[in-house]
Amino acid sequence: MDELRRVEIYTDGGSIGNPGPGGYGVVLLYKGNKKELSGGYRLTTNNRMELTAAIEGLEALKTRCRVEIHSDSKYLVDAVEKGWARRWRENGWRKNKKEKARNPDLWGRLLDLCDRHEVTFSWVRGHAGNPENERADELSVLAARAGDLSIDEGYEGARSPG
């Protein structure tokens, strides 16, 4: 069996206001090659953009890979690495009897992608001089400030009555 490709992915996401216009940035590294991805939404949250960045990075992979995702989001890293997100899914997207898990649409997509690849998440301190993390941040800010942003259906649709 072939050795899995080793890919590093740096992700960042944020919003201007929370909620507000948001963007995500992704830097993929493979054997000295670099690919950058970004996008944004007119109304979303910081956490949704952090999740979207990881999803977009994993969706860009064309074959099964061994991936390390570097993120400055404790929300993202801890929820996956500590098993919280999988427990939320097993419990019908509930954190406990009273509290629903937020962003189940994105967590579901992310967990499915993690099942497709061998993925580990590692936390990096934001704005601490890591060039790839800084670039992912820059891409996310540029995307959030872009005109003609898409609609985050998972966020805006979830907020609409009916």
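Only the coordinates and a few stated rules stand behind these numbers; no lab work does. Quick caveat: nothing in here was measured; it's all calculated off a predicted structure. FYI the Cβ positions are ideal-geometry reconstructions off the backbone, even for glycines, and counts take in every protein chain you see.
With the helix formula -39500 (n - 2.57) applied to DSSP H stretches of n ≥ 4, the chain reaches a computed 222 nm mean residue ellipticity of -12000 deg cm²/dmol.
Exposed loop positions in the chain were taken to be GluC sites (Glu not before Pro) whose DSSP state is not H, G, I, E or B and which have at most 11 other beta-carbon atoms within 10 angstrom. Between these positions, the longest stretch is 4-98.
Within 10 Å of each candidate Cβ there may be at most 10 other Cβ atoms; applying that plus a DSSP loop requirement, which trypsin sites (Lys or Arg not before Pro) in segment 96-162 survive?
K97, K98, R125
For K100, the lysines whose Cα comes closer than 24 Å to its Cα, not counting residues fewer than 8 places off in the same chain, are K74, K82.
Full-extension gain between R5 and W123, please, as 0.36 nm times their residue separation minus the C-alpha to C-alpha distance.
Full extension from R5 to W123 adds 40.3 nm.
What's the local net charge at I55, with K and R +1, D and E -1, over the other residues with C-beta under 11 Å away? Its environment carries a net charge of -3. Given their separation in residues at 0.36 nm each and the Cα-Cα distance between them, E68 and L29 gain 13.0 nm when the chain is fully extended.
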